[in-house]
Amino acid sequence: MKKYQYFLCMAALAACVSCEKAILPESDEHGDDGTPVLRIRVERLEQAGFESRSGGKLDDYCSKMTFVLYDQAGEKMVSLHQDSSESSFGSVSMNVPYGEYHLLVIGHQGEKNCTVKTDGGVTFDRASDVTDTFWYYGDVIFTESSADLDVALKRVVAKMELTCLDPLPSNVRKVTLKYSQATGTLDLFSGYGKTKASITKEYEITDAMTGQPQTFSFFVFPQEEEVTLNVTFKAYDGEEKEVGGKELKDVPMKRNTITRYQGEIFGRSVGMRATIEADWQTMDYNP
């Protein structure tokens, strides 16, 4: 019998979070129609670079999970979505014939399920809706002697946090962050960003937010391990009139890393202080 094999994509020296495993019945070897049952469990999330939560569970990091199984020709065989409220979250069973397949698993914190397109792109409701996202893509050889398949998901986003050190003026009602050369589309095969575009993320400002410093953030899928973005911050009053802003050029972004900027937006400061954190890890950066 062929030995069960699968491709496990993981970063060297990555810090891992143990997740609870759902125990599936060992007697469930075939479906009602006699088709073999392939059982898949998300074993852990690799999150070196972001803050870690010792002993955290899968639903501490993901609200949605998508499993897609492809045949050798790239045709979709099975597609399943899960919500973190489900007791079996992170574990699925698929009734498929013995054979060789490709498996995609996406875990994220979004409100809606991701969409896996025929061109190999994985998209979310809007490009600005990208959240903390974990990915796995690999080969599966499913035989009579195969054990259950345990997979580890790798974090594939970069995050930016921009902190206004001066208080938000009382007339600010909306803030936007526009970031160029970015993408909200993930390439399912590589785990990197698939396209390049300008994305704008909007934040509604409440009365409770004014009069004090605020932090605004967004996630992107870098097209390679490290990229640079141009980021423009703008603030608007209730009549959509611009009342403040700041432009940042060549902002460094790295997968599995937070880039943090801090500075005055509405005062007289001519620059902003920035750090890059992974573990999120820290490095000074001066624009």
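The values are calculated or read from the model by the stated rules, or taken from the named source; none is laboratory data. Note that the structure is a prediction, hence the values are computed from the model and not measured. Here Cβ is always computed from backbone atoms with ideal geometry, including for glycine, and neighbour counts include all displayed protein chains. These area figures cover heavy atoms from the full protein model, side chains too; ligands, DNA and RNA do not enter into them. Shrake-Rupley method; radii C 1.70, N 1.55, O 1.52, S 1.80 Å.
For the stretch 129-175, the set of residues classified as of a type in the set (Gly, Ala, Ser) and open to solvent by less than 20 Å² (accessible area, probe 1.4 Å) consists of 138, 152, 158, listed by residue number. Looking at the stretch 189-209, which of its residues are out of contact with any helix residue (DSSP H, G or I) (no Cβ under 7 Å at 6 or more places or on another chain), open to solvent by less than 30 Å² (accessible area, probe 1.4 Å) and more than 16 Å from residue 252 (Cβ to Cβ)? Across the stretch 189-209, the qualifying residues are 191, 205. Of the numbered criteria (1) open to solvent by less than 10 Å² (accessible area, probe 1.4 Å); (2) within 16 Å of residue 220 (Cα to Cα); (3) in contact with a strand residue (DSSP E or B) (Cβ under 6 Å, 6 or more places away or on another chain), the one residue 123 fails is (1).
Taking the listed residues 222, 213, the one that is surrounded by 11 or more Cβ atoms within 10 Å (Cβ to Cβ) and within 18 Å of the chain's Cα centre (by Cα) is 222, with no other qualifying. Put simply, of 248, 229, 186 the only residue that is among the aliphatic types (A, V, I, L, M), under 27 Å from the mean Cα position of the chain (by Cα), open to solvent by less than 30 Å² (accessible area, probe 1.4 Å) and within 30 Å of residue 67 (Cα to Cα) is 186.
How about the stretch 62-93: which of its residues are among the hydroxyl-bearing types (Ser, Thr, Tyr) and either open to solvent by 60 Å² or more (accessible area, probe 1.4 Å) or within 21 Å of residue 187 (Cα to Cα) (or both)?
First pass over the stretch 62-93, keeping only residues among the hydroxyl-bearing types (Ser, Thr, Tyr): 63, 66, 70, 79, 84-85, 87-88, 91, 93.
Listed by number, the residues that qualify are 63, 66, 70, 79, 85, 87.
Here the condition is being at pLDDT below 95 and within 24 Å of residue 221 (Cα to Cα); of 54, 79, 91, 128, it holds for 128 alone.
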